[in-house]
1. Pop the C-beta distance of M146 and A88 into the FRET formula with R0 = 41 Å and round what comes out to the nearest 0.05.
2. May I ask which residue of I190, A407, A634 lies farthest towards the positive end of the charge dipole of the chain, with charges of +1 (Lys, Arg) and -1 (Asp, Glu) on Cβ and the Cα centre as origin?
3. With the contact rule set at Cα under 8 Å and sequence spacing of 6 or more, what percent relative contact order holds for segment 52-108?
4. Report the accessible area of E741, computed with a 1.4 Å probe over the heavy atoms of all protein chains in place, in Å² rounded to the nearest 10.
5. Pairs K521/K604; K73/K124; K301/K411; K620/K740; K73/K357; K411/K516: which exceed 24 Å Cα-Cα?
6. I'd like the FRET efficiency for A386 and F494, computed as 1/(1 + (r/R0)^6) with the beta carbon distance as r and R0 of 60 Å, rounded to 0.05.
7. Of all the accessible heavy-atom surface of segment 664-776, with the other protein chains kept in place and a 1.4 Å probe, what percent is carbon and sulfur?
8. Output wanted: per-residue J couplings in Hz (rounded whole) for segment 82-91, from phi through Karplus 6.51 cos²θ - 1.76 cosθ + 1.60, θ = phi - 60°, x for Gly and Pro.
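The values are calculated or read from the model by the stated rules, or taken from the named source; none is laboratory data. Quick caveat, the model's predicted, so the values are computed rather than measured. Ideal geometry is used to build each Cβ from the backbone, glycine not excepted, and the neighbour counts take in all protein chains shown. Ligands, DNA and RNA are stripped out before the accessible areas are found, and what is left, the full protein with its side chains, is counted by its heavy atoms. Shrake-Rupley method; radii C 1.70, N 1.55, O 1.52, S 1.80 Å.
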Amino acid sequence: MCTPRRVLGVVAILLALAPVDSLARPPIRKAFFDAYPSATGTRLDILASNPGHCGVCHYDFNGGGPRNAFGAKVEVAINSGNYATTIAAIQSLNGDDSDVDGAPNGVEITSLLYTNTPTFPGLKAGNEALVTNVTISEITPYLTPMGSTDTTPPVVAVLSPNGGNVLAANTTTAITWTATDASGIASVSIYLSDDGGISFQPISFAEPNDGTFNWFVPNRPGTQTIVRVIAKDGAGNYGSDWSDGPFTVTGVTGGIVPTTLRDMDLPGSHPFVGTFEDPDVNCVTCHGNYSTAVEPWYQWKGSMMAQAMRDPLFLACLAVAEQDAPSVGDLCIRCHTPGGWLEGRSVDTGGGLVTAKDRQGVQCDFCHRLVDPDYQAGVSPPADVAVLDSLQAVPPNHANGQFVTDANTAKRGPYADAQASHAFIASAFHRSSDLCGTCHDVSNPVFQYDGSPGRYVPNAFDTAHPDADLRNMFPVERTFSEWTQTDYANGGVFAPQFAGNKADGIVSTCQDCHMKDLSGKGCNVPGAPTRADLPHHDLTGGNTFIPDILPAFFPGEVDVAQLQAGQARATAMLQLAASMALAAGQDGPNPTVTVTVTNETAHKLPSGYPEGRRMWLNVKGYDASEALVYESGAYNPATGDLAHDADATIYEIKLGVSQRLAPVIGLPAEPSFHFVLNDSVYQDNRIPPRGFTNAAFTNIQSPPVGHSYADGQYWDEATYSMPTGVRFVEVTLYYQTTSKEYVEFLRDANTSNSAGLDLYNAWAVNGRSTPVAMVSDTISVDVVPTGAGDGPVVRTELFPAYPNPFNPATTIRYALASRQHVRIDIF
């Protein structure tokens, strides 16, 4: 914002001849005092230990380095281009409470109602420890407005709902009030109690005093609901009123099971812990538009993390889930738009309150304010103690969206030596896979484990899970838990294809593969260091379908080039995720091929959401004339149909409804796409990772089901018997983001909106989730002649295929005039 004055030799003499104001006030500093002339000559302008300081915007009162909360927002406002002058940009923040101390910037800077104003709009008790180059005792009395000459609280009256009302959940009603005060009303906050006033949770903060708030009534049914309105006047005094009597909220009806928001209550941060910045306004200023190959913003924008709340497949799934189990969407929205959830817009659990900013999904400000719920002295930042102490309950696991977020806007990251323009905190959590586990281990809190292997029973409805323990809920996804039981998590694995800049080629954490180290600059600030371990913010997984359809759904919110770059990265990731070996053999007169698929990832393959993702082997046998005489795992791209022939090898997990639960909920006891109702695993033949043991994977609720893997096995074998006459076989391992069966289910099961039909239509005209060929190979299968009296047995030489030691770096290209059998020997 401003730079320290440097007085050197002749330059000092020349500056001494200039007007004093031009010496004391660099451009932005001058603009601040032009915006707020009443602050001239105050402590915001002059301090004994540092006259002409830059402490309004910087932690370093000499200027430069990280900006405080006010300075960071000033920078964004100036760079946004929305204001004609720098003065106007600064004044635009007049109503913003930049340092979250309860006083808007305008009050801190200009109010005459306090004995200590003006106070610093970017500093508050708790972050003054970051301040340098000033005597701290000079500023501590001037952090938060206090000692007002006005000590009379506002007069507040709740008008409605004021007792005796009956309101239906998931409808909108007006909360109305009056609030008056001689000093004016600065802001209004609204709270809700569903226990007759014993406890309150916020509904909204910092509302204008316009007397009305359109309230989306949450699905928390009961007869003891009360609204409380708290008004704050211009002098910092508070007054409040609540409903004269309790009113009734009736629950949502029509679900297959009678769940409410109480079933989704989990430990961790609750809504209104703070507000979150828009990456396209705030973060891009420094972290974008300078190098699409390495910059964090561009890579993140093309990732599915950024599209998590735009994903049409997710939205279609959410609609059916809400039909099946009302309010279950709160659990989903936690991880698909954590910023929206934390700002209170998940109360409509179908996503109806979500804003364009919320649709930024898993975004920068959320991830870079995460706190490790497992505090470790000497490792965790000391500030975490206060954050964790403020929680009603600390999460027992890194899972299920039970995140902890710091209300302080300082950004947390992996570096201790960053010279950011905003406040930052070095965080070991951001180098840990535990952070990723927050949303990549998912369980259904409506069920709890009953003590028998694979058995889960429903909780009492309209109440929170008894202990919120991941292992005491029904497992939906276990990607993070799978990693914890691997060689990757226990020392690491040599996998240079994933390791980025890591010289030893060893990968061990989620970030090592999904945010691999690159060489580059993390921001566009002049002088920013080039780091060899810059995390690539591509966050790439295996979703290659959704980028094709997003532009049609959100044309003004997504960039096609960014999405296509993300799709290309996902394809490349999939083609590294498995290796394959072919071996020829013989079964009587029939040639055979044994296909060995090896999992090269740190979790099951495939992993992630269970309903639609799958891999399969497409095996084709050709005779001597190159005619196709055998095929298993045939896929029809025109229809999206995958053949489930007798020999087909399809890797997937199938969840479903048990015989115990089926008569209760009125669904058949079978595999099911109704994921919020499923209580059983019918099949799981997905390939385990290195380090797999049956006992360990049983303990994390992810054992093989309907298939057998030996301890230590991280590959699968499938043997195919070919018809007589087959001379060579082509094998391709395919991966598909979602199946035809799942897309059709989301279309047909949806009775509440058009999300399922919209998804189906987009799927039908955009390649039907085109499968990705992960790896492919060909082998000769010439056969030994058999039969008595044939004389000596003559066997032609077999050519078994071995894993390519050059994979994936070597590509062999050739051209043929016509289709024919080709043999390539590599020595």
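1. On the way: r = 30 Å, r/R0 = 0.73.
Once rounded, the FRET efficiency stands at 0.85.
2. A407
3. Values: 64 pairs, mean separation 11.5, N = 57.
Relative CO of segment 52-108 lands at 20 percent.
4. Roll a 1.4 Å probe over it and E741 shows about 70 Å².
5. Numbers: K521/K604 34 Å; K73/K124 16 Å; K301/K411 19 Å; K620/K740 22 Å; K73/K357 17 Å; K411/K516 21 Å.
Beyond 24 Å between Cα atoms: K521/K604.
6. On the way: r = 42 Å, r/R0 = 0.70.
E between A386 and F494, to the nearest 0.05, is 0.90.
7. Working: 2240 of 4450 Å².
Accessible surface attributable to carbon and sulfur in segment 664-776 totals 50 percent.
8. Once θ is set to phi - 60°, the couplings for segment 82-91 become 8, 10, 5, 9, 5, 4, 5, 4, 5, 5 Hz.
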